[in-house]
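Here, each number is a calculation from the coordinates, and none is a lab measurement. Treat the numbers as computed from the prediction; the structure is a model and nothing was measured. Cβ placement follows ideal geometry from the backbone for every residue including glycine, while neighbour counts extend to all protein chains displayed.
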Amino acid sequence: MKKPLWKTGLLGLFAWGLFGSGTLFAQSDPTGQKPITQTYAFTNATVHASPGSEGQKATIVVKDGVIISVGSGVTIPAAAKVIAGDSLYIYPGFIDAASQAGITKPEDPERPSDFVSSNPPDEIAGITPWRSATDQFDISSSQVDDLRKAGFTMAHVLPDGGMIAGKGAIMVLGTKGSTNLIKANTALAASLNGSRGMYPGTTVGVMAKFRDVYKNTNLTQDRIATFTSNSGVTRPEINQTYSAMTEVVNGQIPVFFEVENDLEVRRAISLQKELGFKLVVYGLEQYDEVIDLLKSSGVGVILKLETPDDKAIKSQKDDVDEAVQAQYDRVKESYDRTIAQAGKLAEAGVAFAFSTIDAKPSDAMKSLRAMIEAGLTESAAMAALTTNAASMIGMNRIAGTVEQGKIANLVITTGPIFSEDSQIKHVVADGSIFDYEIKTKKKNGNGEATVEVAGTWDYTSETPAGSSGGKLTIEKDGDDYSGTITYDDPSGNGTATSPISDVSISGSQLSFSFEVSAGGMAISVSVSGEISGNSMDGSMNIAQFGSFPISATRNPNFISNN
Amino acid sequence: MKRINKTFLTFLIALLPMMAMAQIDGEFIKPRTGKFLLQNATVHTITKGVLSGASVLIENGKILQVGSNVSADGAEVIDCSGMVIYPGMIDSGTTLGLAEVSSVAETVDYQEIGNVTPNMQALTAVNPNSEAIPVTRVSGVTTVIAKPSGGLFPGTAALINLVGYTPDQMYAGFKAVAMNFPSSARRGRFDRRSDADIKKDNEKALKDANELMEKAKQYHELSSKGAELEYYPEIAQLAKVISKELPLMIEVNAASDIQNAIKWVKDMDIRVIFSGVKEGWRVADEIAEAGIPVITGPVQDLPSRQSDRYDAAYTNAGKLAKAGVKVALRTNETENVRNLPFHAAFAAAYGMGKEEAWKAVTINPAEIFGLGDQLGSIEAGKVANLIVATEDPFETRSQIMHVFINGYRIPLSNRHIRLYQEFLERSPDLNAN
Amino acid sequence: MKKINILLALCLSLCLSFSWAQTPKGSVLIKNGTVLTVTNGTYENTDVLIQDGVIKKIGKDLNAPSGVTTVDATGKYVMPGIIDAHSHVALDVVNEATAPIVAEVRMKDVVNPYEIGIYRALAGGVTISHAMHGSANVVGGQNATLKHRWGSSNPEDIIMQDAPRTIKFALGENPTRVHGRGNGIQPRSRMGVEAILRNGFNEALQYKKAWEDFNKAKSQKGSTAVAPEYNERLQTLVDILDGKIIIHCHSYRADEIYMLINVARDFGIDKLVFQHTNEGFKVAPEIAEYTMGASVFADWWAYKFEVYYSTAFNAAILHRNGAITSINSDSAELIRHLYHEAAKTQRYGNLSDDEALSMITINPARQLGIDDKVGSLEEGKHGDVAIFEGHPLSSYAIPQMTFVDGIKYFDINEDQDDQRQQVSPTETVEPILLTEHNHRCMQDTEHLFETASALFQMNQ
């Protein structure tokens, strides 16, 4: 479910625009950030060129955004920066088939003075097929950084909005100096979400309105055809909704319908059957019951790249009575069934892709591993991340595999990509290389002392809109840690406090998470940082909004104060 | 063929003696007191078995005599041959008389502003002329608890008989301070608080309750030492719970809340009644062990959890009774308190049995309210609250023929019946202009 | 011309039976029960044979054809599956409250076959419910008639595909509150409600004519006629005027009921059923003469001002005046004991057993236009059956088994307690709802009111 998070106080802090000071790549670069070459060679790496293919030792040369050679005896151009790939694994860059990374919802237009909620203007009612994701996308968003960090090099971005939000666009997740646009006007983004307080307000209204818009687009086309080839015909009324819907009605672009569960899948398919447009459903979370339908209807399928939290399963206690055990079993069964769906869908022969909308890119690998453990093959998972997604958005000519001539989009890891220890070391997107720090995982409990984290910390976090901060209190509780964190109350009234959970320490790394309730919904925030003495530096990840730096210092008075 | 049905005829016949006078515009049939002999019925005394061919003699609001050889001795004789007599039913939790039209705020008087308002008296706000009262009593419900709702201590509930022109005439001798035990359940679909928030709210409410009870205790201790304390009506009323003058009627429903409530009252030396107790069946043994009487209902209700068996609410009262809990029933209704016998029937069918179900609407509440010697059964010396019916009054096809409350013979009419009388055969009918 | 019509009709009926043929069917022999046919009397020690979803035979000493299971109903009562003419169970959305007329919305779009309420209704012997749009609009959406085929994940499976189209109308307090007082547009009064209806139907007539003119012109050679705007809202009103849709109108007061009767007569509409109809008793002769009757509560009153002058004898008065009368639930709770609600007509009006039972079986079937298929135990009708311990009109009756199309979907002795079809994979504590809001006529209108408690006051 998408919610207007930008309206909630907490997220209102993160206004756009502060990032946007354009970094121009002119000939000279006083910032010193410009790379000296656009040619790279990754030598002697284990290359998995396409889903399911065996890894082969090869060297890859990329130049000006294109893979110019892949193989064992390739010539390395003199201008190439060579990166020794001997211990590295290289995969095609991932493609997010339905994304909202870097997308900001445009301001709602002002209501006209004669506004009537039973018959609002299309633009206010969430019917804006003429809008384009290109106008809403910002490459410098931290969401894009997070997505790229998770291995994604290309994203099919969809505009944010109401029942008919607008047209999608394909972006490569390259550097800030470019528009990064590969193709605009790719698909129509639609959902079953109604507009608050006006027509259509609910799913039933949305479905009726969708039929209405679709059929009248058809009729408008007929009228225009008659008008343009005859005289004596009344001028047809041309409005931007029907104009922008024309490509959909003519089958030139598909409708990307946001659906969450099997019932919504059926609703989107029933509209498609009735009206006849090309359909891709995206954002699926529960679809076990419609695997056959997804197969037989031939619609495009994009799963939400997220598996359910296993906290509930893990918190199930051992010695409980029969009734509670029965409840537990049903939750466990549901959990197992949920994570097994992707495997079943692949087995049924549906070539699905993934979407990161409303999912945390940093958890993508964890989710994929859960799906793989529950039966999804690694090659099917890889196909979903690369080739399937490329075909679904019409990009298989240039993306999805590591081949000569394809766009230089690569994911370079320290191990086989889905293995537990593997980490992403580089991401090549649009021929630019992005480096990531490799964390050396220190084993816990091997006699190696971990850092002491207990205490009261004052923290500040930097957001685009300025800094904010509060107190973080961590207490040792047997072998575990617990505590609280304070922050500016999103509702605008002073300070709020939440308990922290999932506190874990690995070496000098501390991580924990907490929930902020804003506008009646819970937003989860996870924090991880490196502790050295009484200070910590790290990042704070706010679900779906990206990562922001956080730093903290320990208050030395903690113990004496208690 | 339009045929006038039997009930209507029965009413007509019953009304005949007064019909002559009723021709006078504005004439009204009123409750009458006097000496009545209800002759030759099957009398279900509840406490002393079932007496067939028995009669009940009523005078001055009391039952004088019950048995097979009762002489009329100047009493107005009512032939009850072929009929059954039961005690009037008691609904142990309603808002009858406290709200007339529940969507019209101006007519709703069961809820005050403030979280701690135990001093609010339901008895004051009961409207003796509520249209719902005559509608209710012709079903055989003669006595109800009128209860305020709202915050932590919403007010003081009162037991009333459904006859009288003033609250004092209606008052049936029992009051209790109502409490809504802090709940871990959701208030409904609209309640979107997180689990953590619910827990937080719950803990805070319990802390508040503890502090208030502590204050009440201090108030009681100081005032019983003769201290002249500042005017503090809320705590003064709560202190009556500490002094055991009034019991605490604790609304509690979710299983874990019930367990917490049992713990909460354990060390308090007060009189306690639980009400609601919707998930009582999950912890019935614990309630029984704590010896706390329970007012539960409505019986015709949905289960509290999606996973519960469909009949969880139907079977709750029976399961509690089987575990040894003293159970009284309630409808929690305003205008449809008349359905109490049907709620009781469902409880009976789903495990409680008819006998226990009857007790749950008669002698059990009477005893729970400390009125076991006055109400809840047909015994000489008790208040004359009783009903005469064609058959088991829990059955819908049964017709209630006579109702006595406080010894008053209640006219079997109300707006519903009058509308029936007027409109069964309308005049002018369809074809007139 | 006529031939084509017959062919068309044949084709249509084939299509319809085809859609019914797709849902699962069962066979069962119910032995030796007291069979309450409702329409043809009561038979003791009688058997009911259902084969492939259809009642094949009702009689004594029937033998089970091979492969057909037998259910012993000795000492039990066998009655037609109960039909609820007013429910909101199994709907994800109830109100598209945003405009005074929303005839274009279809509840079939938002049927949710997972809702536990379906099973709970089956446990009360209810096999069919009329899943209605809410009462926020003068003309609400098109309803769905559901068959309670519990356990299917496909909404299509629980929609009774061969039931006629019906639509929700609503008069009085709800639409005037939502639109007039909530949004500052008409209607704010019962005058406005009538005006909305007359405006809507007159616009529909114009719309119909515009399309007829266009189609006529289009068929001329070399035509340059352009199509009018498509409007499913008006098209649906046209369908009502053409007698293709049965109106089910939420109404309380006698004056507003009478108003709609007049509007319907003026526009030549005769497929009209009143819902709730608390003051229907005052205009019972008119309802009997001009409409398909009223579907009422057994005893609800006084929860809002427009039901203050009600009587529990309403059903009896309507019935005695010759109006088709049914008793409905409008509630996920009440739907579980409609047999008991119907029995209240014996307390309030002394109806006979068959008269009382007809109010939850054949009468609602007539009002939904499905009485040729369900609503009584007759050979050739669907095998929708409820078996009771105790007479269903007794307050102590307990439903034992419920069959839809010959398939058993409820069995008091064999069913698991936990009937949830969906469980959250991340659930730690199951939510406890103590005051589940049973009555959802005004669900999804929350945004129109400032507080949830204000909404609380406006059920039904």
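Points to keep in mind about this one:
- Once the Cβ-Cβ distance of residue A:421 and residue A:332 is raised to the sixth power relative to R0 = 35 Å, the FRET efficiency obtained is 0.80.
- Long-range Cα-Cα pairs in region C:123-250 (distance over 17 Å), rounded percent: 68
- Expressed per residue, the C-alpha convex hull volume of region B:133-198 stands at 125 Å³.
- Anchor residue A:295: lysines whose Cα lies under 21 Å away (excluding residues fewer than 8 positions away in-chain): A:273, A:278, A:304, A:344
- Within chain C, the whole DSSP H helices whose Cα atoms reach 20 Å or more along their own axis and whose mean Kyte-Doolittle score is at least -1.0 are C:2-21, C:190-218.
- Highest-first arrangement of A:79-86, C:422-429, B:368-375, where packing means the average Cβ count within 10 Å: B:368-375, C:422-429, A:79-86
- Relative packing of A:159-171, B:159-171, which averages over residues the other C-beta atoms within 10 Å, highest first: A:159-171, B:159-171
- Cβ-to-Cβ counts within 10 Å put B:104, A:299, B:325, C:296 in ascending order as B:104, A:299, B:325, C:296, the fewest first.
- Net lengthening on full extension, residue A:482/residue A:524 (0.36 nm per residue, minus Cα-Cα): 13.5 nm
- Partner chain coverage, peptide C:412-418 - average Cβ within 10 angstrom: 4
- Bins of 10 Å from zero: percent of alpha-carbon pairs in region C:20-78: 25, 51, 22, 2
- Loop-located trypsin sites (Lys or Arg not before Pro) in region A:300-355 (DSSP state not H, G, I, E or B) with no more than 14 neighbouring Cβ atoms inside 10 Å: A:317.
- Of all DSSP-defined beta bridges confined to the protein assembly as shown, some 65% are antiparallel rather than parallel.
- Each peptide in B:272-280, A:66-74 gets a packing score, the mean of other Cβ atoms within 10 Å over its residues, and the list from highest to lowest is B:272-280, A:66-74.
- Its alpha carbons considered, region C:162-215 gives a radius of gyration followed by a Dmax of 14.7, 42 Å.
- One compactness figure for the protein assembly as shown is 1.03, namely its Cα radius of gyration divided by 2.2 N^0.38 Å.
- FRET efficiency for residue B:191 and residue A:320, using Cβ-Cβ distance with R0 set to 25 Å, rounded to 0.05: 0.40
- Pairs of Lys residues in region C:187-249, spaced 8 or more positions apart or belonging to different chains, with C-alpha separations under 16 angstrom: 4 in total.
- Cross-link table A:311/A:439; B:354/C:344; A:57/A:176, entries beyond 23 Å C-alpha to C-alpha: A:311/A:439; A:57/A:176
- For region C:303-313, the Karplus equation 6.51 cos²θ - 1.76 cosθ + 1.60, evaluated at θ = phi - 60°, returns couplings of 7, 8, 5, 6, 10, 6, 9, 9, 9, 5, 7 Hz by residue, with Gly and Pro reported as x.
- Extents of region B:201-337, taken as max minus min of Cα coordinates on every principal axis and listed largest first, are 55, 33, 30 Å.
- Region A:95-399 - convex hull of the alpha-carbon atoms, volume per residue in Å³: 168
- FRET efficiency, 1/(1 + (r/R0)^6) with R0 60 Å, evaluated for residue A:219 and residue B:104 via beta carbons: 0.80
- All alpha carbon pair distances within region A:204-279 were sorted into 5 Å bins beginning at 0; the resulting P(r) in whole percents reads 3, 15, 22, 23, 15, 10, 6, 4, 2, 1, 0.
- Those lysines that a straight Cα-Cα span of less than 25 Å connects to residue B:35, excepting residues fewer than 8 apart in one chain: B:48, B:62, B:382
- Backbone amide hydrogens, once placed in the peptide plane, bring residue C:381 within less than 5 Å of C:55, excluding anything fewer than 5 places away on its chain.
- When Rg and the Kirkwood Rh are both derived from Cα coordinates, the Rg/Rh ratio for region B:89-374 amounts to 0.95.
- Cβ crowding within 10 Å, taken as a proxy for footprinting-reagent exposure, orders A:387, C:39 from fewest neighbours to most as C:39, A:387.
- A straight Cα-to-Cα reach below 12 Å connects residue C:373 with the aspartates and glutamates C:162, C:384, C:405, residues fewer than 8 places away in its own chain not being considered.
- Computed [θ] at 222 nm, deg cm²/dmol, the protein assembly as shown (DSSP H ≥ 4; -39,500 (n - 2.57); rounded to nearest 500): -8000 deg cm²/dmol
- Given A:471/B:204; A:149/A:317; A:332/A:366, the pairs whose alpha carbons are separated by over 27 Å: A:149/A:317
- Ellipsoid equivalent to region C:301-436 - semi-axes via the Cα gyration tensor, in Å: 30, 23, 15
- Taking label points 7 Å from Cα along the Cα-to-Cβ direction, residue B:229 and residue B:267 give a separation of 2.1 nm.
- Remark: C-alpha extents of region A:67-172 on the principal axes read 71, 23, 21 Å, sorted largest to smallest.
- √(5λ) per eigenvalue of the Cα gyration tensor, chain A, largest first, Å: 39, 32, 26
- In region B:288-433, the convex hull through the Cα atoms has an average projected area of 12.8 nm², a quarter of its surface area.
- Per-residue extension of 0.36 nm, minus the Cα-Cα distance of residue A:270 and residue A:438, leaves a gain of 55.7 nm for this segment.
- 5 Å-binned pair-distance histogram of region C:260-341 (Cα, whole percent): 3, 16, 25, 22, 18, 11, 4, 1
- Taking the DSSP bridge list for chain C and keeping only pairs wholly inside it, about 55 percent are antiparallel.
- Rounded to the nearest whole Hz, the Karplus-based 3J(HN,Hα) values (6.51 cos²θ - 1.76 cosθ + 1.60, θ = phi - 60°) of region B:389-398 follow the sequence 9, 5, 7, 2, x, 6, 7, 5, 6, 5, with x at glycine and proline.
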